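The values are calculated or read from the model by the stated rules, or taken from the named source; none is laboratory data. Since the model is a prediction, treat every value here as computed from it, not as a measurement. With ideal geometry, Cβ positions are generated from the backbone for all residues, glycine too; neighbour counts draw on all protein chains shown. With ligands, DNA and RNA removed, areas are computed over all heavy atoms of the protein, side chains included. Shrake-Rupley method; radii C 1.70, N 1.55, O 1.52, S 1.80 Å.
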Amino acid sequence: MTDPDQPYRSGFVALVGRPNAGKTTLTNAMVGEKVGIVSNRPQTTRHAIRGVVHRPCGQIVLVDTPGLHKPKSLLGKRLNDVVRDTLSDVDVIVFCIPADQPVGTGDKFIARQLAEVKAPVVVVVTKTDAAGRKQVAEQLIAASQLVEAAEVVPVSAVGGDQVELLEDLLIKLLPEGPALYPQAQTTDEDVERQIAELIREAALEKVRQEVPHSLAVTVEEMSRRPDPKRAGGELVEVHALLHCERPSQKPMLLGKGGNIIKAIGTEARAGMETLLDARVHLELHVTVLGEWQDDPKKLNRLGY
C-alpha cells in the first residue's frame, strides 16, 4: 500500500560481489523476470545489465555488474573497469556475499574498493537457502565487519526470502525523484544482446573444461517476417556465431555429429521465443577467434 505522505523515490543501485556471488539471480528475483543470464561458472556476467524494479513508492534501477576479480587478461581488466565506472555513478551499492562460502580475499578486495565510494553500501548475504542458520548468522557478522554498511540483510533469491524487505530498504536510501523508466519496462538491454546472452547461457550449460571463459557470442543477422505456420504471428530468423579461442575448443562446442551445438540451439531457441513472443529459426556456427581475450581490436569487435 502506498503511503501518501511518503515521497516517490528513484535511482540507480549497483550490485557488486566476487564472481558467482548470486548477483544476477538476485537481480532477476527483484525485477520479477529474467534480465540476466545465470550460470554457476564465475564471470558469467560480462557487462552492466540494467533491470527495473517498479514499486508503488519508488523505482529501483538495478545495475548487475561483472564479478570484481584479480584480472588475468585484458578482458578481465575491462570487466573490472565496467564495475568501477558503475560504482562512481550510482545512488546505492549492494555488496553480495554468499552465505555458503567463507569470506575470502575476493570479498576483502571488493571491500577495499568500496571504501573509496561515497554511495551508501547495503551488505546482502545471498544464498541463505544453501546454508544452515548458524552459518548464515556467522556470515552476517563476518560480512558486517568488512565494510561500513547502511544495512546488512540475509536473502535467498531462489526462495524469495526477504527480497521485498531488501527492496523496501533500498527505496528508502534512494533520492526523491520521478520514475526513470516507463511502468512496463523491466530492462534497457537491447534485444540482440539478450539473444547473444541466451545462446551463451545455453552453451555454458553444455560445455565443460576450458571453453566457458573462451566463449563469446555475436548475433550476425536477425530478420523478422510473417510466420507462415501461424496467422498473425511472426517468425524471427537469427544467425549467430559462437567464438572460441583455440582450434581444439571447436569440436567441444560442436559435439559428436553436431549433438552439442544442436542442444545449445534447442535450449537457446526456447528462451528466445519467450523473449520475442514469436517463433524463432536459429542458425549457429562456431568460429575460432585466436586469443581474443587479450586482443583490444577483437574485444571491441565482440562488444567488450
The chain, Cα convex hull volume normalised per residue, Å³: 152 Å³
Ordering of 257-264, 51-58, 74-81 by packing [mean C-beta count within 10 Å, highest first]: 51-58, 74-81, 257-264
Given charges at beta-carbon only (K, R positive; D, E negative), |dipole| of the chain in Debye: 1140 debye
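First check a/c for the stretch 53-171, with a ≥ b ≥ c the square roots of the eigenvalues of its C-alpha gyration tensor; if it is under 1.5, answer rounded, and if not, answer prolate when a/b is larger than b/c or oblate otherwise.
Oblate.
Order the following by accessible area, largest value first: 252, 30. Probe radius 1.4 Å; ligands, DNA and RNA are ignored.
From most accessible down to least: 252, 30.
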Sequence-distant lysines (8 or more away, or on other chains) whose Cα lies within less than 27 Å of residue 298: 70, 72, 77, 206, 250, 262
Sulfur and carbon atoms: percent of accessible area, the chain [1.4 Å]: 50 percent
Computed over the stretch 132-222: relative contact order in percent, which uses C-alpha pairs under 8 Å that are six or more apart: 15 percent
On Cα atoms only, tilt of 163-173 relative to the major axis of the chain in degrees: 60 degrees
Relative contact order of the chain, pairs being alpha-carbon contacts under 8 Å that are 6 or more residues apart, as %: 18 percent
Tensor-based shape of the stretch 152-244 (alpha-carbon gyration tensor, a/c under 1.5 rounded, otherwise prolate or oblate): oblate
For the chain, accessible area per residue (1.4 Å probe, heavy atoms of protein chains only), Å²: 48 Å²
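About the Cα centre of the stretch 125-267, how large is the charge dipole given +1 on each Lys and Arg Cβ and -1 on each Asp and Glu Cβ? Please answer in debye to the nearest 20.
With Lys and Arg at +1 and Asp and Glu at -1, about 880 debye.
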Distance between modelled label sites at residue 221 and residue 301, nm, 7 Å Cα→Cβ extension: 1.8 nm
Gain upon complete extension [residue 193, residue 229; 0.36 nm per residue less C-alpha separation]: 10.3 nm
